[in-house]
Amino acid sequence: MYTTELQKSDSKPVAIKEPQELIDAFEARVAADAFIEPKDWMPDAYRRTLIRQISQHAHSEIVGMLPEGNWITRAPSLKRKTILLAKVQDEAGHGLYLYSAAETLGASREEMIDALHSGKAKYSTIFNYPTLTWADIGAIGWLVDGAAIMNQVPLQRTSYGPYARAMVRVCKEESFHQRQGYDALIVMSNGTDEQKAMVQDAIDRWWWPAIMMFGPPDDNSPNSAQSIRWRIKRETNDELRQKFIDATVPQVHLLGMKVPDPDLKWNEERGHYDYGALDWDEFYAVVRGEGPTAKERMEARRKAWDDGAWVREAADAHEARRRLKAAA
Amino acid sequence: MENALFSYALRLGDDSLVLGQRLSEWCGHAPAVEVDLSLANIGLDLIGQAQLFLGYAGEVEGKGRSDDRLAFHRDVMAWTNCLMVEQPNGDFARTMARQFLFSTWQKALFDGLAASKDARLAEIAAKAVKEVTYHAELAGDWVIRLGDGTEESRRRMIDGLDWHWRFVEELFQADAVVETLVAEGVAVDPAGLRPGFDARVAAVLAEAGLPEMQLPRGVVGGRKGHHSEHLGHILAVMQHIPRTYPDAVW
Amino acid sequence: MKTDWPLWEVFVRARGGLSHRHAGSVHAPDATIALRHARDTYTRRMEGVSLWVVRSSDIAASDPKQAGPMFEPAESKVYRHPTFYDLPDAVKHM
């Protein structure tokens, strides 16, 4: 869901001298907003940055199934159950589109999944928080998917063709995700006092993690300039964060709820909301894997993959035998 | 027999809902992301069927109970799904064994029900039969691949089928509800579905290189509310929010 | 040991009258399951009426480095296009 650079570049790669004329031609194409396609020449750093970014995005989709999947069996009406199951299924689909896009760069899905399971690859920090009440499911759809969409819409014009195409599909499908979440909260905020309290509590817990999803502030986001030049990031973290806050605050008020930020206030001069300081220590702790449910999430993913090994193996064995028979 | 149509629509809805609920437990935990998508699709079809059957049951009953009311505010004894669908997922082989047996039966049933004299049942069945035909084929593909895969997958598939054989007989049982409605041309006579079911199961088992079906003594009771130990747990999870906040709308 | 299935490219025909178009890829052990995975992944919103899958490793592709010799010679053949020809004003449609 999110494309924030969470991993700092891995160990410095052996510097390969790349022909300057190829680099220049590549930079010129990207600057002219042309698309780069899988077999085109590209700088090694561009390839590696993209694999990291796209796979991180894919992992976020797959891990992101867990906090919401947690509630499918408990959804309070049949309508909400189908909506949630379809939504979480979409996340699986989006993970798949993104793994597909990364695979065109020469990374195998298996390697990417290994990197996730070994803790080497990161995923969005937001999924390391627990879903405690049904209102959390509304809040995730509205705030978390809302933040994700903010990030993803500009990426439909990213320079790498397969990534851009995957984003077009993802954005088209995700348009219902945010709405269904907000819709669930509207119903609850017109409901009983207990329901209203649940909604406010969910907003209180998800607000800050949601606005942290845009990543560290621009002055602490060293790779940003290069990524923007390469069109694999189209707006800075702080620009996107501001846009999200400006769009979302009125929606909070429309629910009759409060934003849990005492410093939040409309700034007439800037034409934007001013907001309070984010707790970046918390953010980096969660990036390091110290989020409240990080262990549960990783355990669930590893278990699904390990428990599925015999299934994947069996189907391969069946196909190998069928081919042998067909050849005989 | 009073309210036979209500009872019949209710059990069809209960079958679909309980299995849909079971499949939704897989979400996020399947052997491959692609399989996650497949299982969710089947689950969505089944829950959709449940909405239609339960909605219709509520209308027939005429006491103002909606699909949600029936789904979230009935205790174990009032549920009339078959025992097979409430069985725990187990491993992927056991889940696919259940899906194959149940969907093969459900396909035969809906094929017949699409010609019901009750227009609403016929309409729902005509829509659902396309869905369950796909479920039965997909599950059959997996029974074949796992049965004729590795030593381990074969052992697991045999175990998975073995878990469910005892619940096959119940699918073909006719009680007073079914007999009444069969006589009216509304329900399908389950006995008539048996040869087709047996033939299809035998064909898939043969292709999978699995031993022939050997049914043990049947375990029955679901249709009259006598369930396995598992259904109570399913309902505890599924119903806990609407039961905790009975006045709330979601 | 390899623990993931091979990759298949998926092509979807959106409706009758259109050709199949590349949609993405799936992993699957064989063609039958690849079609099922393609269906469950790429046609959840009525995107298709027909599917093709082909093993990614079976696709032969042109080399972008050869794009010049491959595609540029066509550029100078302007006479293949109707706009190359001037028609007398009297002829309204041709």
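The values are calculated or read from the model by the stated rules, or taken from the named source; none is laboratory data. All values reported here derive from a predicted model rather than from experimental measurement. Every residue, glycine as well, gets a Cβ built from its backbone with ideal geometry; the counts of neighbours run over all protein chains shown. Side chains included, ligands, DNA and RNA excluded: accessible areas come from the protein's heavy atoms. Shrake-Rupley method; radii C 1.70, N 1.55, O 1.52, S 1.80 Å.
Could you pull the Cα extents of region B:1-68 along its three principal axes, largest to smallest, in whole Å?
Taking max minus min along each principal axis of the Cα atoms, region B:1-68 gives 48, 20, 13 Å.
When averaged across all projection directions, what area in nm² does the alpha-carbon convex hull of region B:142-201 cover?
4.9 nm²
Dipole magnitude of chain A about its Cα centre, charges +1 at Lys/Arg Cβ and -1 at Asp/Glu Cβ only, in debye to the nearest 20?
Magnitude of the dipole: close to 1220 debye.
On average, how many beta carbons from a partner chain sit within 10 Å of the beta carbon of a residue in B:42-51?
So the per-residue partner count for this stretch is 3.
Can you work out the FRET efficiency for the pair C:ALA14 and B:GLU152, with r the C-beta to C-beta distance and R0 = 35 Å, to the nearest 0.05?
0.25
In whole percent, and with a 1.4 Å probe on the protein chains, what portion of the accessible area of region C:1-44 is carbon and sulfur?
Carbon and sulfur: 54 percent of the exposed surface of region C:1-44.
Using the basic label-point model (7 angstrom from Cα toward the beta carbon), what is the B:ALA203 to A:ILE23 distance in nanometres?
Rounded to a tenth, the inter-label distance reads 6.4 nm.
If one computes the Cα centroid of region A:270-319 and of region C:1-26, what distance in Å separates the two points?
Cα centres, region A:270-319 to region C:1-26: 27 Å.
State the answer as a single residue: which of A:TYR182, B:ALA115, C:MET46 lies farthest towards the positive end of the charge dipole of the protein assembly as shown, with beta carbon charges of +1 for Lys and Arg and -1 for Asp and Glu, about the Cα centre.
The residue sitting most towards the positive pole is B:ALA115.
Quick one: which residues, 5 or more positions from A:ILE36 or on another chain, have an amide H under 5 Å from its amide H? H modelled 1.01 Å from N in the peptide plane, none for Pro or chain starts.
For A:ILE36, whose amide H was placed from the backbone, the distant partners under 5 Å are A:TYR160, A:GLY161.
Step through the residues of region A:279-284 one at a time and calculate ³J(HN,Hα) from phi using the Karplus curve (6.51 cos²θ - 1.76 cosθ + 1.60, θ = phi - 60°), rounding each to whole Hz and writing x for Gly and Pro.
Values, residue by residue: 8, 6, 4, 4, 4, 5 Hz.
May I have the pair-distance distribution P(r) for region A:211-295, computed from all Cα-Cα distances with 10 Å bins from 0 and rounded to whole percent?
Histogram of Cα-Cα distances, whole percents per bin: 15, 38, 35, 12, 0.
Ordered by packing density, taken as the mean number of other Cβ atoms within 10 Å over each peptide's residues, highest first, how do B:11-22, C:78-89, A:47-58 rank?
B:11-22, A:47-58, C:78-89
Kindly report the accessible area of region A:3-327 per residue (heavy atoms of protein chains, probe 1.4 Å, no ligands, DNA or RNA), in Å².
Accessible surface, normalised per residue, equals 41 Å².
For region A:121-233, compute the orientation-averaged projected area of the C-alpha convex hull (one quarter of its surface), in nm².
Convex hull of Cα atoms, orientation-averaged projection: 7.9 nm².
Give, ordered by residue number, each residue of region A:297-313 whose 1.4 Å probe accessible area is reduced by a minimum of 50 Å² on adding the remaining protein chains to the chain alone.
A:TRP310, A:VAL311, A:ARG312
What residues of region A:271-288 lie in the reach of a label at A:ASP238, counting those whose backbone N is under 20 Å from a point 7 Å from the Cα along Cα→Cβ?
Once the point is set 7 Å along Cα→Cβ of A:ASP238, A:271-284 turn out to lie under 20 Å by backbone N, inside region A:271-288.
Before we go on, tell me the buried accessible area for the A/B pair, both chains summed, 1.4 Å probe, in Å² to the nearest 100.
4000 Å²
Counting only protein heavy atoms and a 1.4 Å probe, tell me what percentage of region B:197-250's accessible area is made up of carbon and sulfur.
54 percent
From the helices alone, meaning DSSP H stretches of at least four residues, give me the mean residue ellipticity at 222 nm for chain A, per-run term -39500 (n - 2.57), in deg cm²/dmol to the nearest 500.
Counting only the DSSP helices, I get -20500 deg cm²/dmol.
What's the center-to-center distance, using Cα atoms, between region B:173-233 and region B:9-54 in Å?
Region B:173-233 and region B:9-54 have Cα centres separated by 19 Å.
Tell me the accessible surface of B:MET77 in square angstrom (1.4 angstrom probe, heavy atoms of protein chains only), to the nearest ten.
Here the accessible area works out near 130 Å².
If one puts a single equal scatterer on every Cα of chain B and applies the Debye formula without solvent, what log₁₀ I(q)/I(0) results at q = 0.07, 0.12, 0.13, 0.17 Å⁻¹?
These q points yield log10 I(q)/I(0) values of -0.22, -0.67, -0.79, -1.36.
Okay, helix-only estimate at 222 nm for chain C: each DSSP H run of n ≥ 4 adds -39500 (n - 2.57), divide by all residues, round to 500 deg cm²/dmol; what do you get?
-5000 deg cm²/dmol
Which whole-number value in Å³ per residue fits the convex hull of the alpha carbons of region B:41-88?
Cα convex hull per residue, to the nearest whole number: 89 Å³.
Karplus couplings for region A:250-262 from phi (6.51 cos²θ - 1.76 cosθ + 1.60, θ = phi - 60°), rounded to Hz, Gly and Pro as x?
My calculation for region A:250-262 gives x, 5, 4, 5, 4, 7, x, 10, 10, 7, x, 9, x Hz in order.
Dividing the Cα radius of gyration by the Kirkwood radius, what Rg/Rh value follows for region B:187-226?
Ratio of gyration radius to Kirkwood radius: 1.08.
Could you tell me the calculated FRET efficiency between B:ALA183 and A:ASP183, based on Cβ-Cβ distance and R0 = 51 angstrom, to the nearest 0.05?
For B:ALA183 and A:ASP183, the calculated efficiency is 0.65.
Buried by at least 40 Å² relative to the chain on its own: which residues of region A:77-97 qualify, computing accessible area with a 1.4 Å probe on protein heavy atoms?
Buried by 40 Å² or more upon assembly, which counts only protein chains, are A:LEU78, A:LYS81, A:THR82, A:LEU85, A:GLN89, A:LEU96, A:TYR97.
For chains A and C, what's the summed buried accessible area, probe 1.4 Å, to the nearest 100 square angstrom?
Summed over both sides, the interface buries about 2000 Å².
What does the charge count near A:ASP281 come to, summing +1 for each Lys or Arg and -1 for each Asp or Glu among other residues with Cβ under 15 Å from its Cβ?
The answer is -2.
Collect residues whose amide H, placed 1.01 Å from N in the peptide plane, falls under 5 Å from the amide H of A:HIS272; neighbours closer than 5 in sequence don't count.
Answer set, sorted by chain and number: A:ASN267.
When the label point is put 7 Å from the Cα of A:ARG229 along its Cα-to-beta-carbon vector, which residues of region A:26-52 have a backbone N closer than 17 Å?
Taking a point 7 Å out along Cα→Cβ of A:ARG229, the residues of region A:26-52 whose backbone N falls under 17 Å are A:26-34, A:42-50.
Computing the accessible area with a 1.4 Å probe over protein heavy atoms, can you report the carbon and sulfur percentage for region A:3-327?
55 percent
Can you tell me how much longer the chain between A:SER175 and A:ALA197 gets when fully stretched, taken as 0.36 nm per residue apart minus their C-alpha distance, in nm with one decimal?
5.2 nm
When a/c reaches 1.5 or more, the comparison of a/b and b/c decides; with that in mind, is chain A rounded, prolate or oblate per its Cα gyration tensor?
The shape class here is oblate.
Dipole magnitude of the protein assembly as shown about its Cα centre, charges +1 at Lys/Arg Cβ and -1 at Asp/Glu Cβ only, in debye to the nearest 20?
1020 debye
Hey, could you grab the Kirkwood Rh for chain C? Inverse mean 1/r over distinct alpha carbon pairs, Å, one decimal.
Hydrodynamic radius (Kirkwood, Cα only) of chain C equals 17.0 Å.
Ignoring ligands, DNA and RNA, what accessible area per residue does region B:48-116 give at 1.4 Å, in Å²?
Per residue, region B:48-116 has 29 Å² of solvent-accessible surface.
Grab the eigenvalues of the alpha-carbon gyration tensor for the protein assembly as shown, scale each by 5, take roots, and send me the semi-axes largest first in whole angstrom.
Here the semi-axes work out to 45, 34, 25 Å.
Chains B and C: how much accessible area gets covered up at their contact, both sides added, probe 1.4 Å, in Å² to the nearest hundred?
Buried area between the two chains comes out at roughly 1200 Å².
Report, in whole Å, the centroid distance computed from the Cα atoms of region C:66-85 and region A:104-143.
48 Å
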